[in-house]
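Worksheet for the structure shown next.
FYI, it's all coordinate maths here, none of it is from the lab. If you're wondering where the values come from, they're calculated on a predicted model, not measured in any experiment. Using ideal geometry, Cβ is built from the backbone for each residue, glycine included, and neighbour counts are taken over all protein chains shown.
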Amino acid sequence: MINKDNNSKKLELDILDDIGPATKIHLIEAGIDSLKDLIIRGPQDVADVTGMTMEQSIDLCNKARIKLEEANIIERTFVSATELYNKRRKIERISTGSKHFDELLGGGFEVNAITEIYGEFGSGKTQICHTSSVMVQQKRTDGGLEGGVIYIDTENTFRPERIVSISKARNIDYVKVLENIVVAKAFNSAHQELIIHEIGKIIENSNIRLLVLDSAISHYRAEYVGRGTLSERQQKINKLMHMLIRISETYKVAVILTNQIQSVPDTIFGDPFRPVGGNIIAHSSTYRIYLKKAGKNRIARIVDSPYHPEIEALFSLGEEGVTDPV
Ligand code: GTP
Ligand code: MG
């Protein structure tokens, strides 16, 4: 694994005066042992594990946020539009593997953001996850960020052999590539949540720049069946998405998550397919890509982007993973 120098010393819980010894033990037992963990888990979780009131917990999380802002770890709350503009021009991106697809995204998958990829079976969601896991490790001049990957696999479709074949087809040393992908198999939704609670530690100690979640809500769909469970399911998905947003911002990683589609039978105009998971995923993803099959090729359409028009790109799936059509 690529190691990273970290300045975590400055970010220990101890620098907040409000945390007494008993609270500290509760937090550490719950896996919250840094300021970053505090803001990623958020006030509700912190209140639950420490027995604090919600008010105290919000106060604590806000103080952690201020310390992290002061240390330049996360973006400050008030920034000028000029500063934001200059930052956005320098934003880091990971190549998809296809020039067309990269252009669609303004250069590739964005760091500090969540990109949702949805489409029917066989449309290429898992292939995109595999290819970007290889691409992120390349030099910046070759479309990567020289960083590692955490790959959360909920459908048992991660294949190291595929990483090997994509790397070989691209003349990349597959031994190193495999070495820098941490795979976590999530067996159910509770296990998936546990993994997401834990990943801060892995990211902190290694140079992880990409987090893949393939697929994001399949366990929730399978476990929460029927109308009566809908609100609980949506609450859980909401919490998951907010943790992912905070992880992407705090650790400067790109998050790619995949989603299945379902048909909406009463659609009169337009496309009858919608991503599953409802509005929560839509509202918390920065970018959404809809994949469609087009014979041997695939069409990626960017949907609901804050600043891209709804445009499309044609790409293809080959030995080298995501690529341009020949
Ligand atoms: P679900 O998870 O079932 O919803 O589908 P998905 O969208 O994840 O599809 P996936 O990414 O698994 O795409 C499957 C398609 O990728 C296949 O139909 C092939 O076209 C292509 N593919 C997968 N593996 C290979 C490979 O080794 N070589 C080539 N050339 N194409 C491949
Ligand atoms: Mg898949």
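Worth pointing out:
- Calculated FRET value between His308 and Thr267, using beta carbons and R₀ = 25 Å, to 0.05: 0.55
- Considering only alpha-carbon pairs that sit under 8 angstrom and 6 or more positions apart, the relative contact order computed for the chain is 22 percent.
- Most tightly packed first, judged by the mean number of other beta-carbon atoms within 10 Å of their residues, the peptides 194-201, 183-190 read 194-201, 183-190.
- Relative to the Cα centre, the charge distribution of the chain, modelled as +1 at Lys and Arg Cβ and -1 at Asp and Glu Cβ, gives a dipole magnitude of about 720 debye.
- For the pair Glu69 and Glu232, a Förster radius of 35 Å applied to the C-beta separation gives a FRET efficiency near 0.55, rounded to the nearest 0.05.
- Helical runs (DSSP H, four residues minimum) scored at -39500 (n - 2.57) apiece and divided by the length of the chain put the mean residue ellipticity at 222 nm at -12500 deg cm²/dmol.
- Distant-in-sequence amide H partners of Phe273 (H built 1.01 Å from N, under 5 Å): Val264
- In order along segment 50-66, phi translates into HN-Hα couplings of 9, x, 5, 6, 4, 4, 4, 5, 4, 4, 5, 5, 5, 5, 4, 4, 4 Hz, rounded to whole numbers, per the Karplus curve 6.51 cos²θ - 1.76 cosθ + 1.60 with θ = phi - 60° and x for Gly and Pro.
- For segment 119-149, applying the loop criterion from DSSP together with a ceiling of 16 other beta carbons within 10 Å to the trypsin sites (Lys or Arg not before Pro) yields Lys139.
- The slack in the chain from Phe187 to Glu155, taken as 0.36 nm per residue of separation less the alpha-carbon distance, amounts to 10.7 nm.
- Near the amide H of Lys185, within less than 5 Å, lie the amide hydrogens of Asp153, all on another chain or at least 5 residues away, with H placed in the peptide plane.
- Point-to-point label distance, Ala222-Arg140, nm (Cα→Cβ direction, 7 Å offset): 4.1 nm
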